[in-house]
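Report on the structure given below.
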Amino acid sequence: MQSSAASVAGAASRPVAAHGHEVDPSDLPWVEGHKTLGQVTREIADYPMGRAGMPGAWWWIGLAISATALGIGGVCILYLMFVGIGTLGLSKTIGWGFCITNFVFWVGIGHAGTLISAILYLLRQRWRTSVNRSAEAMTLIAVMCAGLFPLMHMGRPWFFFFLAPYPNTRGSLWMNFRSPLVWDMLAISTYFTVSLVFWYLGLIPDWATMRDRAHGLRKRIYGLLSFGWTGSARHWKHYELVYLILAGIATPLVLSVHSVVSGDFATSLVPGWHATIFPPYFVAGAIFSGFAMVLTLMLVARKTMHFEEYITLRHIDMMTKVMLFTSMAVGLAYLSEFYIAWYSGDRYEQQHFLNRFLGPYGWWAFIMYGCNMGIPQVLWFKAVRRNLLVVFLISLTSNLGMWFERWVIFVSSLQADFLPSSWQFYHPTLIDYGVMLGSFGLFFTMFLLFARFVPMIAIAEIKHEVAHGDPNAHHGEA
Amino acid sequence: MSGPELELLSGGQKRLLYGLLGLGALALGVGLATHSGGVYSGILLGFLFMLELGLGGALFLCINATANARWHTVFRRVPEGVAATLPWAALLVLLFVWAVPHIYPWAAPGFYTDPSRLVGGVLIPELKAKEGWLQPGWFSLRAVLFVAWWAGLMSLILRLQRGQGLGGANHAGAIRKLSILFCVTFAYTFSVASFDWLMSLEPRFYSTIFGVYCFAGVMQLGFAVVLLLTLFLDAKGAFKDQIREQHRHDLGKWLFAFSCFWAYIWFFQFMLIWYADLPDESRYYVRRGGLRADVMALVVLLRFCVPFFGLASQKVKKNPRILAAVALIVVAGHWLDLALMALPSQAGGMRNLYALLIPVGTGAAFVLLFFRAFAKKPALPEPDAAYAYSRRYLT
């Protein structure tokens, strides 16, 4: 068997060599600039160590703006707590408004991190290494932002623990396991926990790198954070195994979380909410918006932190392709909804979609469909995918479109339901806007703190992409 | 390919396949001669089973080409051979189209004017939209166009694929573009086709996820059938031991992943319909989960439980015997799933021998056509630049 395999190998390799095939682009190292391993460590670790002109002026400006937004949001939340949820623009017709929209928006943003860290890892997509750390951090922060909204909306958030199933002194007052809101709580807390463990696990070797470069108190702190990592072969063996298992565990979470969130709506009978396609539709939308946010953040970070050789145009090309794919998937779901609304002959469903376009909130729908299904089509062109300004703008319109998607689905469905006498508008109040601003403030503040104190790129992993780390890189015959 | 022609199928295997093909043809003939009601749903299932087997291979090729994947090049002739059966399956569409008036309730004359469907002399709104859409002529035209598009585009891709690397020709760019075109158009056309061919069997039933559900089934079937045929041919020595543990492991992983994806879509369609309990939707599951819970449970067992628990371990995913057994079970599960979607609304319900024998016949035809296509080309696409990578890649 050996000899026959070798003879075939010899025969096969000759034409390849004879035609002088250039190296397949996907075999090129993902990090540019022929860096040495020490250079990689320095260039990434120096930022959190405060050695590379970090934090620069842009960081302070960004922090000032986002912390102000966070402060405004904090004041609004306090006001909301003291006065009650009547300060929001809710009514008996539209019982869910800004809060649920922001909740789903932020949960969706988180999905890119899990997709990059888990699914792309299992698919051996090596380009993920340049962005996985920050995408995972973004996931954690986004889930925190999302978690704020159901809490605020409870009216009495100090009783949030009633949602946990534990033997209690409240008699038969248990949570209703058939409520999708309870599934939400369970799905999202699982998601947060697994994402946090996954993110932290990846950080352990990097904390050790930082420890070895620091002195004094810093050294101790990094030492504690690294759990005494020595980089021995045994450590690496266990690390790789746990990382793979966690990737496997996190993979179903990419699908489950937003599927459960979509269940909040799809289990109901409200026209525009009840559609069986909601779970995969929401997941595709979440990945679309998540990649849009990753691009928004990474395009700024690579410029300001000089990571152009780590997050290259090829990386951006890959991410925009994922966006194009998920935009098409969302588009297919949109069209399936229209088709079935027409096909089923359900008058309420048909009325809802007519109202969505031609009703008082019609322009929302045009933002939603235009930004999510229309504009991303320009990403078919390579020239567009490699034009950073255009990609940045598309990442912004996609985020806008995805916010409006949730807004359209949730609010325009409630606004005009079965009973025309109860049709009503939603008028967001200043508190609505303030709380939303606060969530953006929290998101960017946390992300800036992350960029300041944690290595933005996984140092240990990215070294595989520098030169000789890849087992498939050489095409010479064995 | 140098060396003696490989005897891919033994005499006994060939006889068995021709026997099964004959059995299917006999069942069809007897059914048509005796005007048996069950034969028409047998035609539907036979057509869909063979078509979806071919589509599974086509999707396997196109998705890999779209993603610039090279890992599968060593056994790429297998999905190519699977996809090469598409034109033959496409011919079956003519038989299907002929049978449409006997299969679909809305195709019966007088369906839209039946007094039980009129209120105040006007057709009920639930059927209003379908009056123009679900008409035998227009329905059949759509079916023919869809199948012709898939088979035609795939033939073009296969023709380019055949010449790939020969005499320095490099069609990778064109193959990739056509594959992307196939994937994008397939998503839309196949959704409509699923709504047409299976969902409209119960004209008042609707589910937006139905197209995705059928797609998930075809994907799982595609990986199972490519895996099965690759392992069979490898055992015969067709690939000169170039199929490594790595290839088996990756194929096993894909089958595992798409079994989970199928279950995910299955669960949410069921759960959301059960939860909302709208009459037009839940009637679908009352007919299946309520009346044939045994068959429904069996479908989930074959399509999800067996591959999920069977392939969870890494060791098993490298073991050709177990992989082949699981893949075979998944293929059987796909047939049962199709039967459970199609038969409960038909005359005779699930007790329909034609719905077993005719798909067995078309399935045998598929296997014979596959081997015919496979034997025409060298088993290993050695001139292709991606071949060297596929032969030795590691993960």
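Annotations
- Computed over the range B:185-266, Kirkwood Rh from alpha-carbon pairs, angstrom: 14.5 Å
- With Cα atoms, 0 to 90° folded angle of helix B:136-163 axis to chain B main axis: 0 degrees
- Helix-only CD estimate at 222 nm, as mean residue ellipticity for chain B, using -39500 (n - 2.57) per DSSP H run (n ≥ 4): -23500 deg cm²/dmol
- For chain B, the longest principal axis of the C-alpha atoms and the axis of helix B:210-235 are separated by about 30°.
- Result for chain B in a Gaussian network model with C-alpha springs under 10 Å: among B:Ala355, B:Ala324, B:Ala107, the largest mean-square fluctuation is at B:Ala107.
- When you work out D = kT/(6 pi eta Rh) for the range B:148-307 at 4 °C and 1.567 mPa s, using the Kirkwood radius from C-alpha pairs as Rh and the Stokes-Einstein form, the result is 70 µm²/s.
- Nearest-20 debye value, the protein assembly as shown charge dipole, Cβ charges on Lys, Arg, Asp, Glu: 1420 debye
- Computing FRET efficiency as 1/(1 + (r/R0)^6) for B:Leu181 and A:Ala383, where r is the C-beta to C-beta distance and R0 is 22 Å, gives about 0.65.
- For chain A, the membrane-span-like helices by this rule, meaning whole DSSP H stretches whose C-alpha atoms cover at least 18 Å of axis and whose Kyte-Doolittle mean is -1.0 or above, are A:2-18, A:57-83, A:98-114, A:132-153, A:180-213, A:233-266, A:278-304, A:313-344, A:388-407, A:430-453; this says nothing about an actual membrane.
- Gain in span if fully extended, A:Arg213 to A:Met144, counting 0.36 nm per residue against the direct Cα distance: 21.7 nm
- Shape category assigned to the range A:48-137 from the gyration tensor of Cα positions, a/c cut at 1.5: oblate
- Above-threshold pairs, the threshold being 28 Å between Cα atoms, out of A:Lys237/A:Lys303; A:Lys321/B:Lys253; A:Lys237/B:Lys318: A:Lys237/A:Lys303
- For the range A:341-412, a Kirkwood radius taken over Cα pairs fed into Stokes-Einstein (4 °C, viscosity 1.567 mPa s) yields D = 96 µm²/s.
- For the range A:165-251, radius of gyration divided by Kirkwood radius, i.e. Rg to Rh on alpha-carbons: 1.21
- By the helix-only formula, in which each DSSP H run with n ≥ 4 contributes -39500 (n - 2.57) and the sum is divided by residues, chain A has a 222 nm mean residue ellipticity of -21500 deg cm²/dmol.
- Placing unit charges on the Cβ atoms only, positive for Lys and Arg and negative for Asp and Glu, gives the range B:351-395 a dipole magnitude near 80 debye about its Cα centre.
- Taking N as its residue count, the alpha carbon Rg of the range B:57-204 over 2.2 N^0.38 Å: 1.37
- FRET efficiency, 1/(1 + (r/R0)^6) with R0 30 Å, evaluated for A:Phe366 and A:Tyr433 via beta carbons: 0.85
- Dividing the convex hull volume of the alpha-carbon atoms in chain A by its residue count gives 211 Å³ per residue.
- Annotation: Cα Rg of the range B:24-101 relative to the compact-globule expectation 2.2 N^0.38 Å equals 1.42.
- Projecting the Cα atoms of B:Phe210, A:Tyr343, B:Ala388 onto the charge dipole of the protein assembly as shown (Cβ charges, centred on the Cα centre) puts B:Ala388 farthest toward the positive pole.
- Alpha carbon convex hull of chain B, volume per residue in cubic angstrom: 138 Å³
- Rounded, prolate or oblate (a/c below 1.5 giving rounded, otherwise prolate when a/b exceeds b/c) for the protein assembly as shown by Cα gyration tensor: oblate
- Summary value for chain A: 32 percent relative contact order, contacts being C-alpha pairs under 8 angstrom separated by 6+ residues.
- Viscosity 1.002 mPa s, temperature 20 °C, Stokes-Einstein D of the range A:48-95 from Kirkwood C-alpha radius, µm²/s: 157 µm²/s
- Compared with the alpha-carbon gap, the fully stretched path from B:Arg162 to B:Ser116 is longer by 10.9 nm at 0.36 nm per residue.
- Spatial separation of Cα centroids for the range B:312-387 and the range B:218-273, in angstrom: 11 Å
- Taking every alpha-carbon pair in the range A:351-478 and binning the separations at 5 Å intervals from zero gives 2, 8, 11, 11, 12, 14, 12, 9, 6, 5, 4, 3, 2, 1, 0, 0 percent.
- Relative contact order, percent, the range B:78-222 [alpha-carbon distance under 8 Å, six or more residues apart]: 25 percent
- Label-point gap, in nm, between A:Arg234 and A:Thr193 - each point 7 angstrom along Cα→Cβ: 2.9 nm
- When the alpha-carbon atoms of the range A:211-346 are used, the pair Rg, Dmax equals 21.9, 72 angstrom.
- Site pair B:Leu278 and B:Leu394 shows an inter-label distance of 5.5 nm when each label is modelled 7 Å from Cα along Cα→Cβ.
- Average partner coverage of A:332-345, which counts Cβ from other chains inside 10 Å: 6
- Three-way shape label, the range B:308-370, alpha-carbon gyration tensor, a/c 1.5: oblate
Bear in mind that the values in this text are calculations on the coordinates, not laboratory data. This structure is a prediction, so every number in the text was calculated from the model and none was measured. Cβ: placed from backbone, ideal geometry, glycine included. Neighbour counts: every protein chain shown.
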